[in-house]
Each structure stands twice: as C-alpha cells, then as structure tokens.
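Undergrad: Below you'll find the structure I mean.
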Amino acid sequence: MTPRSTPGAAAVRTVTTTDGGTLTQGDAVGFLRTLPDATARLVVTSPWFTGPFPASSTDPTSPGFVKWLDPFLTEIGRVLRPDGSLVMELGCCWAKDAPVRTVQNFSAIGDLLAGGEWHLLQEFYWYNPGFLEADVEWADRRRERLDDCVSMWFWLARTPDVPVDVRGVRGFQNHLTRAYGNFLVLGDSRADDPGQDDVPGDASGERALALAERFPVALPEYFIRLLTREGELVVDPFAGTGATALAAETTGRAWACNDFSDEATGIAERRIDALRR
C-alpha cells in the first residue's frame with residue numbers, strides 16, 4: 001500500500017520479471033487495464049486507507065473515498081474470474097482533528113454490496129504489531145485513546161461458491177487462535193528480509209514509508225493458499241514492497257503486481273531478486 005495512486009495518472013513500466021510473474025510501477029488502474037478479462041483467481045491488496053482525502057471528524061464516512069476507490073474495483077471485477085476472490089485490507093482511521101474514528105472502509109464495503117454484484121464472504125482480523133509502534137496523536141501523545149493492534153481484511157466475491165481449501169492454511173496460526181479461525185496472528189516467513197531496512201539514502205522519506213507499511217509475506221500467502229491452486233494467477237495492484245509477489249513466487253502461483261511508488265517497487269525488486277539467488 002502506498003498513498004499516491006490516482007486513476008489514469010501515470011504510465012505503467014516493467015520493473016522486473018520472473019518465470020512466475022511481473023512487477024510493474026505505475027497507476028493501479030492503468031496496471032489492471034493491461035491484464036486480460038477473467039484471468040485472475042485472486043486479487044489480494046491493500047489500498048490507501050483514506051485515498052487522497054484527509055481523515056476528518058466532519059466527514060467520517062468519506063463519500064469521496066468511496067468514489068475514488070470505484071475505478072479500481074471496476075477493473076478488479078473485470079480481471080477476476082467469475083468465481084474469483086477479492087481480499088482487501090481496508091481499515092478505520094483516526095480523524096486528524098478529533099479523537100474519533102472515520103469509517104470510510106465500511107462505507108466502501110456497503111456501497112460495493114449495495115450494487116448487488118458482490119458478496120462479503122467473511123472478514124479477517126490480522127494482529128498487526130506495526131500499529132503498536134505507530135505514533136498516534138490520540139493514543140501515544142495525549143493518552144486519550146488506546147493503540148490499535150488489529151487490521152481488517154475483507155473477503156469478497158461475486159458468487160458465494162468460490163474455490164476454498166481450508167486445509168491449505170493449517171499451520172499458519174499460533175496458540176492464540178483456532179486452526180481455522182479468522183483472527184490471524186502471522187509471523188515473518190522465510191521470504192521476509194529485514195536487511196532491506198538498511199539501504200542508505202531516503203531524502204524523500206518514501207523508503208521509510210514503504211517499509212513501515214510492509215506486511216509479512218505470510219499474510220498474502222495465507223490467502224493464496226486458502227483461495228488458489230498452483231499455477232493460478234494472483235494480482236496485487238497496490239503491492240508496496242512486494243509481499244504478494246514473494247508469496248506467489250514461493251508457492252508456485254503466477255502473479256502480476258504493481259505499485260505507484262518508485263521506492264516501494266525498488267525495494268520489491270531487490271527482494272524478488274534476492275529470492276531468486
């Protein structure tokens with residue numbers, strides 16, 4: 001997930017390729033438009049939580065965010081197979097001007113379901129320790145609220161009858177959870193590489209932002225193993241530093257991933273290249 005992606009804003013360029021897939025850099029809608037109809041079994045992604053709109057107590061449902069997200073969802077629907085799945089991280093946010101939550105994520109999900117073409121199959125709750133390290137005005141400085149520690153992932157499809165293999169995700173959970181529960185406590189996988197944090201030079205701050213937003217490879221791998229089979233196509237239009245690409249590559253799935261940020265895709269390229277060595 002990186003915060004700068006406006007439909008139609010930039011051309012898409014290829015960053016790196018493997019036998020399994022291609023990483024590109026550019027606008028997410030432009031990237032999705034390069035993919036054929038009805039080819040992806042799974043789109044797993046994490047868009048910018050607020051879009052290009054400030055989180056405000058006076059606009060908690062953010063209709064602008066819903067409108068901003070719509071072109072991406074339209075293209076995702078075109079690219080997915082009729083029985084394919086969309087798994088998307090969308091979170092609530094703290095308003096900038098008051099200690100209250102904004103719920104643009106629920107507005108977006110509600111709007112999508114109201115159209116009658118999509119179903120919410122289940123939501124997942126990922127324990128995200130990175131949230132505990134974030135410096136939040138209302139929780140960390142003013143001590144008026146508590147730190148967040150959970151992020152929501154929504155599993156959506158246009159039919160309730162999608163291919164699912166719950167046996168494929170056994171072993172991902174720890175002692176805090178049931179083997180097949182929807183509360184996800186996932187550690188780093190063998191494809192994670194904290195050494196990338198040490199790459200010098202970050203005048204713009206983009207590299208620090210991309211690294212801060214990185215989630216473990218085990219997270220997209222969980223949904224890949226749950227919802228796809230070997231050789232099927234996995235897509236991530238907001239791929240950040242490449243966790244989905246790494247998960248697909250190591251599990252034998254085809255993949256197409258993209259991000260708008262040069263810094264994020266540069267980190268992703270190095271991680272993919274390291275995996276191949």
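Undergrad: Working with all protein chains in place, sort ASP161, ASP19, ASP97 by solvent-accessible area computed with a 1.4 Å probe, largest first.
TA: Accessible-area ranking of ASP161, ASP19, ASP97, largest first: ASP19, ASP161, ASP97.
Undergrad: Multiply the residue separation of THR34 and LYS67 by 0.36 nm, subtract the distance between their alpha-carbon atoms, and state the gained length in nm to one decimal.
TA: So the chain would gain 9.7 nm between THR34 and LYS67.
Undergrad: Still on this model: Work the Kirkwood hydrodynamic radius out for the stretch 42-145: mean of 1/r over every pair of different alpha-carbon atoms, inverted, in Å.
TA: Its Kirkwood hydrodynamic radius stands at 15.1 Å.
Undergrad: How far is it, in nm, from the label point at ASP161 to the one at LEU113 when both lie 7 Å from their Cα along the line to the Cβ?
TA: 2.2 nm
Undergrad: Heavy-atom accessible area per residue, the stretch 53-157, 1.4 Å probe: how many Å²?
TA: 48 Å²
Undergrad: Quick check: at a probe of 1.4 Å, how many percent of the accessible area of the stretch 63-129 sits on carbon and sulfur atoms?
TA: Ligands and nucleic acids excluded, carbon and sulfur give 57 percent.
Undergrad: Additional query: For the stretch 25-60, list residues with backbone N below 19 Å from a point placed 7 Å from the Cα of ASP97 toward its Cβ?
TA: 50-60
Undergrad: If every alpha-carbon in the stretch 76-128 counts as one equal scatterer, what log10 I(q)/I(0) does Debye give at q = 0.14, 0.28 1/Å?
TA: Reported log10 I(q)/I(0), two decimals: -0.49, -1.24.
The values are calculated or read from the model by the stated rules, or taken from the named source; none is laboratory data. On a predicted model such as this, the values are computed, not experimentally measured, just so you know. Note that each Cβ is placed from the backbone with ideal geometry, even for glycine, and that neighbours are counted across all protein chains shown. Accessible surface is based on the protein model in full, side chains and every heavy atom, while ligands, DNA and RNA are left aside. Shrake-Rupley method; radii C 1.70, N 1.55, O 1.52, S 1.80 Å.
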